[in-house]
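Engineer: Supplied in structure tokens, the structure appears directly below.
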Amino acid sequence: VAAAMAAERGVAMATCTAPVNIAVIKYWGKRDTDLILPINSSLSVTLHQDQLKTTTTAAASRDFTEDRLWLNGKEADVGHPRVQACLREVRRLARKRRGGAEDTAALSLSYKIHIASENNFPTAAGLASSAAGYACLVSALARLYGLEEELSEVARRGSGSACRSMFGGFVQWQRGERPDGTDSLALQVAPETHWPELRVLVLVVSGEKKPVGSTAGMQTSVETSPLLKHRAEVVVPERLAQMMRHIRDRDFEGFGQLAMRDSNQFHATCLDTFPPIFYLTDVSRHIIALAHRYNTHHGHTKVAYTFDAGPNAVIFALADAVAEFVEVVRRSFPPATNGDQFVRGLPVGSAALSPELVAAVVTEPVPGAVQYILHTKPGPGPQLVDDPSQHLLGADGLP
Ligand code: DP6
């Protein structure tokens with residue numbers, strides 16, 4: 001309604017922020033590429049927006065002559081099929097909500113829209129920006145049109161993993177059974193307050209961009225990997241139930257073990273794809289070996305890694321292990337520069353490493369291999385930005 005009233009005077013506008021999420025039971029493979037319906041359910045942790053977020057402003061006006069889109073300040077293709085699918089679905093819900101009647105107080109669905117979106121983290125770092133991006137686009141559009149319903153189904157049309165960014169904390173994407181996708185939704189398993197000690201370290205690995213995008217990569221996997229088929233039919237249903245229990249019980253041992261195994265199986269399906277897809281690099285494998293040496297030294301699971309369609313590691317740990325593990329990473333991957341800004345995000349205390357720990361764990365240092373570490377934690381879902389000075393578009397509807 002507020003947006004609609006502003007429209008009388010020219011430009012109606014809404015701004016939202018949305019989070020990144022990291023899957024601990026991975027989504028890989030679609031049964032319907034148009035509707036983005038997955039072959040298996042998945043489960044993720046939503047990361048805190050203080051460290052990683054997308055901000056999107058959506059505006060509508062009678063005076064706009066065409067739909068336009070700006071990403072990180074640069075004009076982009078608003079005709080992208082996935083952007084169009086999200087727009088169409090939000091408008092369809094708005095029309096349905098109005099029951100077909102011409103509501104003169106409501107923002108006209110025929111007005112052209114302007115959208116501006118930006119990330120508070122470098123896009124090039126390969127930190128799953130499409131999930132936050134589409135979750136944010138859908139949230140901002142929904143606000144603009146005054147929608148209040150469940151929107152994970154719409155965000156899913158932008159990017160599969162985006163539906164999980166519509167909630168905070170621990171989120172399941174149910175694969176669903178129906179061919180029309182109406183039951184392929186995200187559901188919150190537990191809020192971000194459920195496990196207060198849980199921390200996340202993103203190890204941003206230096207080097208090139210990922211070779212194959214996830215959309216193309218997973219399609220080749222569906223067509224060629226028998227391991228992926230087995231994973232979707234047999235492995236994931238069992239693991240999903242286990243993972244839900246580990247989260248419910250705040251059992252880090254179980255949670256961490258299963259997160260590592262599931263990441264490894266996802267990358268095994270990539271190798272089983274023909275021709276094979278490689279997302280892990282030598283540095284990724286160094287981090288994997290390091291985490292195992294560290295856990296072995298301590299005699300239990302203190303850290304757990306997971307990797308998406310790229311070489312960056314996401315490490316889960318409990319708060320009391322963070323300082324020591326960060327020091328282990330710093331020793332194992334000595335920063336190329338003087339170490340300035342090597343650790344970003346939430347504060348990390350200092351830790352002295354015992355000679356036994358160093359001897360057992362820091363075995364093969366690779367200088368400069370990790371660019372920086374981002375320290376964060378689970379966080380909430382999309383947020384409305386109330387302060388109009390935070391809009392990414394001016395009163396004229398331009399960035
Ligand atoms: C490895 O959601 O990016 O990160 O649905 O084609 O947009 P599309 O793919 P996307 O795939 C994410 C794959 C993953 C695992 C995960 O997030 O579950």
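Engineer: Show the residue pairs that are 6+ apart or on different chains and have beta-carbon atoms under 6 Å apart, the first residue being within the stretch 85-99 and more than 13 Å from Arg156 (Cα to Cα), the second being of a type in the set (Phe, Trp, Tyr).
Structural biologist: That search, which allows pairs on different chains as well, returns Ala94/Tyr145.
Engineer: For the stretch 108-158, how many residues meet the condition of being within 13 Å of the ligand (Cβ to nearest atom) and over 24 Å from Thr215 (Cβ atoms)?
Structural biologist: Here the count works out to 0.
Engineer: Also: Hand me the list of strands (runs of 3 or more DSSP E) wholly inside the stretch 1-92 holding 3 or more residues that are of a type outside the set (Ser, Thr, Tyr).
Structural biologist: Ranges flagged: 11-19, 21-25, 30-32, 53-61, 68-71, 74-76.
Engineer: Within the stretch 165-175, restricting attention to residues that are closer than 21 Å to Arg231 by Cα and open to solvent by less than 10 Å² (accessible area, probe 1.4 Å), which residue is nearest to the ligand (Cβ to nearest atom)?
Structural biologist: Going residue by residue through the stretch 165-175, those that are closer than 21 Å to Arg231 by Cα are 171-175.
Checking the rest, the ones that are also open to solvent by less than 10 Å² (accessible area, probe 1.4 Å) come to 171, 173.
On the way: Val171: 11, Trp173: 8 Å.
It comes out as Trp173.
Engineer: Same structure again: Since Val283 meets every condition but one in (1) assigned to a loop (DSSP other than H, G, I, E, B); (2) away from the ligand (no atom under 16 Å from the Cβ); (3) surrounded by 18 or more Cβ atoms within 10 Å (Cβ to Cβ), which condition does it not meet?
Structural biologist: Only one criterion in (1) assigned to a loop (DSSP other than H, G, I, E, B); (2) away from the ligand (no atom under 16 Å from the Cβ); (3) surrounded by 18 or more Cβ atoms within 10 Å (Cβ to Cβ) is unmet by Val283, namely (1).
Engineer: Hey, another quick one. Hey, among the residues in the stretch 349-399 that are open to solvent by 80 Å² or more (accessible area, probe 1.4 Å) and either in a strand (DSSP E or B) or among the hydroxyl-bearing types (Ser, Thr, Tyr) (or both), which one's farthest from Gly299 (Cα to Cα)?
Structural biologist: Ser389
Engineer: Can you list the helices (runs of 4 or more DSSP H) found entirely within the stretch 129-240 that contain at least 3 residues being within 30 Å of Gln84 (Cα to Cα) and either in contact with a helix residue (DSSP H, G or I) (Cβ under 8 Å, 6 or more places away or on another chain) or assigned by the TED database to the domain that holds Phe255 (or both)?
Structural biologist: 129-144, 152-155, 214-224
Engineer: Those residues that are within 14 Å of the ligand (Cβ to nearest atom) and open to solvent by 10 Å² or more (accessible area, probe 1.4 Å), I need them from the stretch 37-58; list them, please.
Structural biologist: Ile39, Ser41
Engineer: Follow-up question, since we're still on this one. Looking at (1) at pLDDT 95 or above; (2) away from the ligand (no atom under 16 Å from the Cβ); (3) over 30 Å from Arg245 (Cα atoms); (4) surrounded by 15 or more Cβ atoms within 10 Å (Cβ to Cβ), which is the only condition Arg82 fails?
Structural biologist: Looking at each condition in turn, Arg82 falls short on (2).
The values are calculated or read from the model by the stated rules, or taken from the named source; none is laboratory data. Not measured: the values here are computed from a predicted model. Please note: Cβ atoms are built from the backbone with ideal geometry, for glycine as well, and neighbour counts cover all protein chains shown. Accessible surface areas use protein heavy atoms only, side chains included; no ligands, DNA or RNA. Shrake-Rupley method; radii C 1.70, N 1.55, O 1.52, S 1.80 Å.
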